[in-house]
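The values are calculated or read from the model by the stated rules, or taken from the named source; none is laboratory data. None of the values given here were measured: they were computed from a predicted structure. FYI the Cβ positions are ideal-geometry reconstructions off the backbone, even for glycines, and counts take in every protein chain you see.
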Amino acid sequence: MSYLRPMAPTPVAPDPWHYPRTALADGVLGLFAGGLSSALTFFAPRRMGKTEFLRKDIRPAAQARGWGVFYFSFLDETEDVRGAFVAALGRFARGEGWVSRLREHLPRSVKVGGTVAGTGGNVELTRAEAASGQDLKALLDELGRRDTFTLLLLDEVQALAASPKNASFVAALRTGLDTNKDRLKTIFTGSSREGLRRMFSQANAPFFHFGQNLDFPDMDRGFTDHLAAAYAATTGRQIDTAALWAAFERLGKVPQMARSLVERLALNPAIELTAAVDALAADLAEQRDYGSLWAGVTPLDRSILARLANGDAGLFSEEVREQISEELGVPMLAVAAMQAAIRRLQRRGLVTRQSARGSYVPEDPNFAAWIRERDLPD
């Protein structure tokens, strides 16, 4: 009788299109290793390269230092994100089965007293909810007892703020990370400023003053130069690097859009760079229905969006309010009217406030680019 021998796994070649951000990764890990910080939160809209940075820059750099690295995306689980997170962390920490053994010894429900993320009094948790919180605490304590650092990469963490049901779980996460911060280091990322603010910046937020909140840095010119070099190595054709950088700026400096652009050029050798950018921008505008978004807001909201898309400051100043009033043919707009318009745009997810500076920007950089390119009537 003959037996098939198991095949050795094929090594995965490095991604030639990935632009390594080694200096940023080393800087972050240096902060952790030196004890200056135990947690950082990076914000950027979606498709700006946060996940790729975590998985292809931070993770290998930390592993090279001998650290354990755990990655979890809270957007990948919609049914039971708490259970999925604890199960994944359990597999990472101790292997399959340990989490379920913990749950066998829990009562059907428990009462938790005090205030959890703004909820006062006693909160009765189901056995599953109690298991989730208690398992989490045990797992984080287990990791905290290890001799080496463990780095937790928690992607799109603002998803936890979407439901009040996650309040006790988030509180348990904060406690576990705080009590084990000498060994557990954490990088949070998020693509919703409002969601992150609910978790990190408000006075009653569960992670208030827990680490630094930073804007994820934009890609520099080296990124598009790298794409041009990878394109040349793959296709044997050249891209004008200055033109590619200009196209990247036109596309809102969204890395995924730049890669999509280069992919179009690779698949269609006859197309010119400018035509490819035009087609890509038009496809995106149609997919996200920017025209309807623009038509669906008030004339005042459109005036504000146009100014924010162009980086105008002083939105509430007398000068800007006078300009908008003249454009719209209305009496002098009060500050309260401008504030009400901003709140409307925030509720629709079109505008967000930038960290501590208090200024506002369009939530979607591609929508901002679409606005800038058009002489759109109010």
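Taking the conditions exactly as written (farther than 30 Å from TYR19 by Cα and at pLDDT 95 or above), does LEU293 satisfy them or not? No, not satisfied.
The single residue among ALA281, ALA285, ALA276 that is part of a helix (DSSP H, G or I), closer than 23 Å to SER192 by Cβ and not hydroxyl-bearing (Ser, Thr, Tyr) turns out to be ALA285.
When the residues of the stretch 339-374 are filtered to those that are part of a loop (DSSP other than H, G, I, E, B) and over 21 Å from ARG198 (Cα atoms), the one that is modelled with the lowest pLDDT is ARG374. A search for C-beta distances below 8 Å between a residue of the stretch 264-282 that is in the same structural domain as ALA228 (by TED's automatic domain parsing) and any residue that is surrounded by 15 or more Cβ atoms within 10 Å (Cβ to Cβ) and assigned to a loop (DSSP other than H, G, I, E, B), counting only pairs 6+ apart in sequence or on different chains, returns LEU265/ILE239; LEU273/ILE239; VAL277/LEU251; LEU280/LEU251; ALA281/LEU251. On the basis of being under 24 Å from the mean Cα position of the chain (by Cα), more than 30 Å from THR235 (Cα to Cα) and not basic (Lys, Arg), does GLY311 make the cut? It is true that GLY311 is under 24 Å from the mean Cα position of the chain (by Cα), more than 30 Å from THR235 (Cα to Cα) and not basic (Lys, Arg). Within the stretch 284-300, can one find any residue that is within 17 Å of PRO362 (Cα to Cα), among the aromatic types (Phe, Trp, Tyr), touching a Leu at 6+ places or on another chain (Cβ under 9 Å) and touching a residue at least 12 places away in the same chain (Cβ under 8 Å)? Yes; the residues of the stretch 284-300 include at least one that is within 17 Å of PRO362 (Cα to Cα), among the aromatic types (Phe, Trp, Tyr), touching a Leu at 6+ places or on another chain (Cβ under 9 Å) and touching a residue at least 12 places away in the same chain (Cβ under 8 Å).
Residues of the stretch 165-217 that are assigned to a loop (DSSP other than H, G, I, E, B), small (Gly, Ala, Ser) and over 13 Å from the mean Cα position of the chain (by Cα): ALA203, ALA205, GLY211.
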